[in-house]
Amino acid sequence: MSDVITASEQAISLENDHGAHNYQPLPVVLAKGEGVFLWDVEGKRYYDFLSAYSAVNQGHCHPRIVKALQEQAETLTLTSRAFYNNVLGLYEKYLTEYFAFDKVLPMNTGVEAVETALKISRKWGYERKGIPENQAKIIVAENNFHGRTTTVVSFSNDENARRNFGPYTPGFIRVPYNDIDALETALTNNPETAAFLVEPIQGEAGVFTPAEDYLSKVASLCKKHQVLLIADEIQTGIARTGSLLAVCGNCTCEGHCERQSTYIRPDILILGKALSGGFLPVSAVLADDPIMSVIQPGQHGSTFGGNPLGAKVAMAALEVIKDERLAQNARLLGHIFRTRMQRIVEKSPLVQEVRGKGLLNAIVIHSPSSSSVAWNICLALRDNGLLAKPTHGNIIRFAPPLVMTEEQLLECCDIIESTILNFQVQQKNEIDGQ
Ligand SMILES: *Cc1c(COP(=O)(O)O)cnc(C)c1O
């Protein structure tokens, strides 16, 4: 067998035969990416409307990030934290100034950063708030997605993600998302609560945007009950929703947050995904000194966390966000996109709703979430040159790279519209023909 895969079926059967079946990919085999485009092994070009779950906000293979990666890869890649290196400090200064926090704790994958935030919160709870030993609680939201470790799936309510992975880590309380009264009750009934962990918009659950004032009310409740507010912005952060962070609300500043009135400052901010522009697993936990100082040498760490290669890549990735004004672009294109999708909602009984913020959007397909209609629409979109993936059965998430132009976006809206309208006709013909 040749070492180069040139046919889709070959790649798919290799993965099927030799890889664990922990994903169900859409059948398309990608070989190349550039900006908003992907190419399959047969050379067909697609618009990417997933951006690797918002890790590729800066577009595929962004040349500035490639350059940073190449230069650092030839110089120094990993020292471990047993020694200092000449990049990490610069990165930590850059990142903390960029997001306006005192300190950062660098990790790799998103879920590691979530775990880190949970550990910091528990330790803070015992050492600063005075919670009795081993009594700390952390409140989370229903339908959350924070990753895949044993602890993190312990507080998921997605049965598929949880079942038969027990026994589960105790100490978590789940409240409905976007329900401020439920949070208040939970806080009042559980004085040993250390933190509330929340996604400012629930991405995996199907792009659920809470009420406009939800997060500000959450923040004041947390303050009142002396509970840390942890914002998981792994998917929503880094310009995706039309501002640097989703917690920035409608603040349109690029890069450094100017703390306008809409900004809800979390006590702990979790970043990942687009922090590296899709090059390497780079995640980060940001907090101010009174919180971060609970972690002392030997108490937490990671061999690769803060490696100079990832640090250089992340700095380049964040420069691109600011210099190319990607938050502004996401905001502008997001409005256009939802307006166009709304037209489809009005024209097509297949599409029930469009929702989202910036370029993190979803349409809800009018079908039971167990049906394969959304999947089949994604196959039709693929055939028409656009890649998207259903989440939770009947919801299709649309999250293109933020470097998209208005012209490209309009072309994509045309593809989506004609695909859905044609799909409907086909479905009808199938039913009539039966
Ligand atoms: C993707 C994601 C994670 C997990 O990140 P990994 O890098 O896959 O571990 C956690 N939280 C949110 C909100 C995410 O979207």
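The values are calculated or read from the model by the stated rules, or taken from the named source; none is laboratory data. On a predicted model such as this, the values are computed, not experimentally measured, just so you know. No Cβ is skipped: glycine too gets one built from the backbone with ideal geometry, and neighbour counts run over all protein chains shown. Note: accessible area is taken over every heavy atom of the protein model, side chains too, but ligands, DNA and RNA are not part of it. Shrake-Rupley method; radii C 1.70, N 1.55, O 1.52, S 1.80 Å.
Odds and ends about this structure:
- The condition of being open to solvent by less than 30 Å² (accessible area, probe 1.4 Å) and either out of contact with any Asp or Glu (no Cβ under 6 Å at 6 or more places or on another chain) or among the aromatic types (Phe, Trp, Tyr) (or both) does not hold for Leu78.
- The listed residue being surrounded by 15 or more Cβ atoms within 10 Å (Cβ to Cβ), closer than 21 Å to Ala330 by Cβ and in contact with a strand residue (DSSP E or B) (Cβ under 9 Å, 6 or more places away or on another chain), out of Ile415, Ile420: Ile415
- Within the stretch 244-277, considering residues that are β-branched (Val, Ile, Thr) and modelled with pLDDT of 95 or more, the one farthest from the ligand (Cβ to nearest atom): Ile268
- Given (1) closer than 16 Å to Ser283 by Cβ; (2) among the aliphatic types (A, V, I, L, M); (3) in a helix (DSSP H, G or I), number of the condition Leu105 does not satisfy: (3)
- Filtering Leu30, Leu69, Leu76 for residues that are within 25 Å of the chain's Cα centre (by Cα), of a type in the set (A, V, I, L, M) and not assigned by TED's automatic domain parsing to the domain that holds Ala380 leaves a single hit, Leu69.
- Checking Gln58 against (1) open to solvent by 90 Å² or more (accessible area, probe 1.4 Å); (2) touching a Gly at 6+ places or on another chain (Cβ under 7 Å), the condition it does not meet: (1)
Conditions (1) assigned to a helix (DSSP H, G or I); (2) away from the ligand (no atom under 16 Å from the Cβ); (3) closer than 17 Å to Tyr177 by Cα; (4) at pLDDT 95 or above, marked per residue:
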| site | (1), (2), (3), (4) |
| --- | --- |
| Thr116 | yes, no, no, yes |
| Lys119 | yes, no, no, yes |
| Arg122 | yes, yes, no, yes |
| Tyr126 | yes, yes, no, yes |
| Gln135 | no, yes, no, yes |
| Ile138 | no, no, yes, yes |
| Phe145 | no, no, yes, yes |
| Ser156 | no, no, yes, yes |
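- Enumeration of residues in the stretch 173-190 that are open to solvent by less than 70 Å² (accessible area, probe 1.4 Å) and assigned to a helix (DSSP H, G or I): Ile180, Ala182, Leu183, Glu184, Ala186, Leu187
- Within the stretch 181-202, the set of residues being within 16 Å of the ligand (Cβ to nearest atom) and closer than 24 Å to Glu133 by Cα comprises Ala195, Phe196, Leu197.
- Scanning the stretch 315-374 for residues that are among the acidic types (Asp, Glu) and either under 19 Å from the mean Cα position of the chain (by Cα) or assigned to a helix (DSSP H, G or I) (or both) yields Glu319, Asp323, Glu346.
Quick grid of which residues meet (1) more than 12 Å from the ligand (Cβ to nearest atom); (2) of a type outside the set (Val, Ile, Thr); (3) part of a loop (DSSP other than H, G, I, E, B); (4) under 27 Å from Pro106 (Cβ atoms):
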site	(1), (2), (3), (4)
Pro210	yes, yes, yes, no
Lys217	yes, yes, no, no
Cys222	yes, yes, no, yes
Ala231	no, yes, no, yes
Gln235	no, yes, yes, yes
Ile238	no, no, yes, yes
Gly242	yes, yes, yes, yes
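- Residues satisfying the stated conditions in the stretch 83-111, i.e. away from the ligand (no atom under 16 Å from the Cβ), open to solvent by 30 Å² or more (accessible area, probe 1.4 Å) and among the hydroxyl-bearing types (Ser, Thr, Tyr): Tyr84, Tyr94
- In summary, Asn384 fulfils each of the numbered conditions (1) of a type outside the set (Val, Ile, Thr); (2) touching a Ser or Thr at 6+ places or on another chain (Cβ under 8 Å); (3) within 27 Å of Thr236 (Cβ to Cβ) with the single exception of condition (3).
- Extreme residue, farthest from Leu286 (Cα to Cα), among residues of the stretch 112-135 that are of a type in the set (A, V, I, L, M, F, W, C) and crowded, with 21+ Cβ neighbours inside 10 Å: Trp124
- Filter result (open to solvent by less than 10 Å² (accessible area, probe 1.4 Å) and either touching a His at 6+ places or on another chain (Cβ under 9 Å) or polar (S, T, N, Q) (or both)) within the stretch 206-231: Gly206
- Residue that is most open to solvent (accessible area, probe 1.4 Å), among those in the stretch 136-162 that are basic (Lys, Arg) and within 26 Å of Asn22 (Cβ to Cβ): Arg148
- Taken over the stretch 45-55, the criterion of being open to solvent by 10 Å² or more (accessible area, probe 1.4 Å), in contact with a strand residue (DSSP E or B) (Cβ under 8 Å, 6 or more places away or on another chain) and within 13 Å of the ligand (Cβ to nearest atom) is satisfied by Leu50 alone.
- Gly385 open to solvent by less than 70 Å² (accessible area, probe 1.4 Å), of a type outside the set (Asp, Glu) and closer than 15 Å to Phe49 by Cα: yes
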